[in-house]
Amino acid sequence: FEVYTWSLQTGKILEVFGGHEGPISEVAYNPTKAVIASASWDGTVKLWDIYKSELIETLEMPADVLAVAFSPNGEKICCACLNGTLQIWDAELGELDLIIEAYKDTVAGRHSDDKTKATAESRSKRFTSLAYSTDGSGIIVS
(Lines give C-alpha, C1' and ligand atoms only; values in the text may rest on other atoms or scores of the structure.)
Protein backbone atom coordinates (compact mmCIF):
# COMPACT_ATOMS: atom_id res chain seq x y z
CA PHE A 1 0.00 0.00 0.00
CA GLU A 2 1.71 3.13 -1.25
CA VAL A 3 1.40 6.90 -1.67
CA TYR A 4 2.51 8.40 -4.98
CA THR A 5 3.52 12.00 -5.78
CA TRP A 6 3.71 13.51 -9.26
CA SER A 7 5.17 16.73 -10.60
CA LEU A 8 2.52 19.00 -12.11
CA GLN A 9 5.20 20.61 -14.29
CA THR A 10 6.60 17.44 -15.88
CA GLY A 11 3.83 14.92 -15.28
CA LYS A 12 6.44 12.50 -13.99
CA ILE A 13 6.32 10.54 -10.76
CA LEU A 14 8.46 12.08 -8.04
CA GLU A 15 8.29 9.60 -5.20
CA VAL A 16 6.58 6.49 -3.86
CA PHE A 17 6.11 6.16 -0.12
CA GLY A 18 5.37 2.65 1.14
CA GLY A 19 4.90 1.04 4.52
CA HIS A 20 1.23 0.79 5.38
CA GLU A 21 -0.14 -2.70 6.02
CA GLY A 22 -3.69 -1.83 4.92
CA PRO A 23 -5.41 0.33 2.29
CA ILE A 24 -4.70 4.04 2.45
CA SER A 25 -7.89 6.02 2.98
CA GLU A 26 -6.63 9.59 2.65
CA VAL A 27 -3.54 11.77 2.30
CA ALA A 28 -2.94 15.39 3.30
CA TYR A 29 -0.22 18.00 2.79
CA ASN A 30 1.07 20.04 5.69
CA PRO A 31 0.40 23.65 4.57
CA THR A 32 3.62 24.98 6.13
CA LYS A 33 6.21 22.20 5.73
CA ALA A 34 7.30 19.58 3.20
CA VAL A 35 5.40 16.85 5.04
CA ILE A 36 2.52 14.64 3.99
CA ALA A 37 0.31 12.46 6.15
CA SER A 38 -1.18 9.18 4.97
CA ALA A 39 -4.12 7.62 6.83
CA SER A 40 -4.72 3.89 6.62
CA TRP A 41 -7.05 1.08 7.53
CA ASP A 42 -4.06 -0.44 9.35
CA GLY A 43 -4.79 1.95 12.25
CA THR A 44 -1.90 4.31 11.60
CA VAL A 45 -1.14 7.73 10.19
CA LYS A 46 2.33 8.02 8.73
CA LEU A 47 4.15 11.34 8.35
CA TRP A 48 6.57 11.57 5.42
CA ASP A 49 9.26 14.14 4.59
CA ILE A 50 8.76 14.68 0.85
CA TYR A 51 12.22 16.21 0.28
CA LYS A 52 14.19 13.56 2.14
CA SER A 53 11.85 10.78 0.93
CA GLU A 54 11.68 9.22 4.38
CA LEU A 55 9.26 8.29 7.11
CA ILE A 56 9.29 10.81 9.97
CA GLU A 57 6.76 9.31 12.36
CA THR A 58 4.03 6.68 12.68
CA LEU A 59 1.03 7.68 14.78
CA GLU A 60 -0.82 4.69 16.27
CA MET A 61 -4.62 5.00 16.38
CA PRO A 62 -7.23 2.94 18.26
CA ALA A 63 -8.98 1.90 15.02
CA ASP A 64 -8.80 2.15 11.23
CA VAL A 65 -8.23 5.75 10.10
CA LEU A 66 -10.71 7.06 7.55
CA ALA A 67 -9.72 10.73 7.20
CA VAL A 68 -6.83 13.04 8.06
CA ALA A 69 -6.22 16.80 7.89
CA PHE A 70 -3.59 19.29 9.01
CA SER A 71 -4.60 22.46 10.82
CA PRO A 72 -4.07 25.67 8.79
CA ASN A 73 -0.85 26.48 10.70
CA GLY A 74 0.42 22.90 10.24
CA GLU A 75 0.84 22.36 13.98
CA LYS A 76 -1.98 19.83 14.51
CA ILE A 77 -3.26 16.74 12.73
CA CYS A 78 -6.85 15.56 13.10
CA CYS A 79 -7.63 11.90 12.38
CA ALA A 80 -11.13 10.45 12.06
CA CYS A 81 -11.18 6.83 13.23
CA LEU A 82 -13.62 4.02 12.52
CA ASN A 83 -14.59 3.88 16.21
CA GLY A 84 -16.16 7.35 15.97
CA THR A 85 -13.35 9.28 17.67
CA LEU A 86 -11.39 12.26 16.42
CA GLN A 87 -7.74 12.12 17.45
CA ILE A 88 -5.90 15.47 17.56
CA TRP A 89 -2.10 15.14 17.42
CA ASP A 90 0.81 17.55 17.70
CA ALA A 91 2.35 17.35 14.21
CA GLU A 92 5.85 18.30 15.35
CA LEU A 93 6.13 16.18 18.50
CA GLY A 94 4.02 13.22 17.35
CA GLU A 95 2.07 13.33 20.62
CA LEU A 96 -1.65 12.87 21.15
CA ASP A 97 -3.20 16.15 22.38
CA LEU A 98 -6.92 15.42 22.49
CA ILE A 99 -9.48 12.69 21.86
CA ILE A 100 -12.96 13.85 20.88
CA GLU A 101 -15.39 11.01 21.49
CA ALA A 102 -17.72 12.17 18.73
CA TYR A 103 -19.71 8.92 18.85
CA LYS A 104 -21.15 10.11 22.17
CA ASP A 105 -22.65 13.18 20.47
CA THR A 106 -23.87 11.44 17.30
CA VAL A 107 -24.94 8.04 16.05
CA ALA A 108 -21.56 7.73 14.28
CA GLY A 109 -18.91 5.15 15.05
CA ARG A 110 -18.95 1.43 15.42
CA HIS A 111 -16.81 -1.26 16.95
CA SER A 112 -14.41 -3.14 14.72
CA ASP A 113 -16.31 -6.41 15.34
CA ASP A 114 -19.74 -4.99 14.39
CA LYS A 115 -21.34 -6.40 11.26
CA THR A 116 -22.67 -3.87 8.75
CA LYS A 117 -26.19 -4.78 7.64
CA ALA A 118 -28.84 -2.71 5.92
CA THR A 119 -30.91 -2.67 9.11
CA ALA A 120 -27.95 -1.41 11.15
CA GLU A 121 -26.57 1.05 8.60
CA SER A 122 -27.94 4.18 10.29
CA ARG A 123 -26.34 3.05 13.55
CA SER A 124 -22.99 2.29 11.92
CA LYS A 125 -22.31 5.63 10.23
CA ARG A 126 -18.74 6.83 10.54
CA PHE A 127 -16.83 9.97 9.62
CA THR A 128 -15.15 9.72 6.24
CA SER A 129 -14.07 13.33 5.69
CA LEU A 130 -12.96 16.23 7.83
CA ALA A 131 -11.59 19.74 7.54
CA TYR A 132 -10.32 22.45 9.85
CA SER A 133 -11.87 25.91 9.87
CA THR A 134 -9.67 28.57 8.27
CA ASP A 135 -8.57 29.88 11.67
CA GLY A 136 -8.01 26.36 13.07
CA SER A 137 -10.46 26.79 15.94
CA GLY A 138 -12.97 24.20 14.74
CA ILE A 139 -13.29 20.94 12.84
CA ILE A 140 -16.12 19.87 10.54
CA VAL A 141 -16.75 16.20 9.78
CA SER A 142 -19.18 14.16 7.73
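The values are calculated or read from the model by the stated rules, or taken from the named source; none is laboratory data. Predicted model, so just to flag it, every value in this text is computed and none were measured. No Cβ is skipped: glycine too gets one built from the backbone with ideal geometry, and neighbour counts run over all protein chains shown. Accessible surface areas use protein heavy atoms only, side chains included; no ligands, DNA or RNA. Shrake-Rupley method; radii C 1.70, N 1.55, O 1.52, S 1.80 Å.
Structure notes:
- Condition check for residue 12: surrounded by 13 or more Cβ atoms within 10 Å (Cβ to Cβ), at pLDDT 95 or above and either of a type outside the set (A, V, I, L, M, F, W, C) or at negative phi (or both): no
- Boolean, residue 7 is over 22 Å from residue 141 (Cβ atoms) and at pLDDT below 95: yes
- Taking every residue in the range 78-103 that is of a type in the set (Val, Ile, Thr) and pairing it with any residue that is outside any strand (DSSP E or B) and open to solvent by 20 Å² or more (accessible area, probe 1.4 Å), at least 6 positions away or on another chain, the pairs with Cβ-Cβ distances below 7 Å are 85/62; 85/101; 85/103.
- Residue within the range 48-62 that is without any contact (Cβ under 8 Å) to a residue 12 or more places away in the chain and more than 12 Å from the chain's Cα centre (by Cα) present: yes
- Total residues in the range 115-142, condition of a type in the set (Asp, Glu) and either within 24 Å of residue 59 (Cβ to Cβ) or modelled with pLDDT of 90 or more (or both): 1
- Among the residues of the range 72-109, those identified as open to solvent by 80 Å² or more (accessible area, probe 1.4 Å) and among the aliphatic types (A, V, I, L, M) are 93, 98, 99, 107.
- Residue 74 being at positive phi and in contact with a Phe, Trp or Tyr (Cβ under 6 Å, 6 or more places away or on another chain): no
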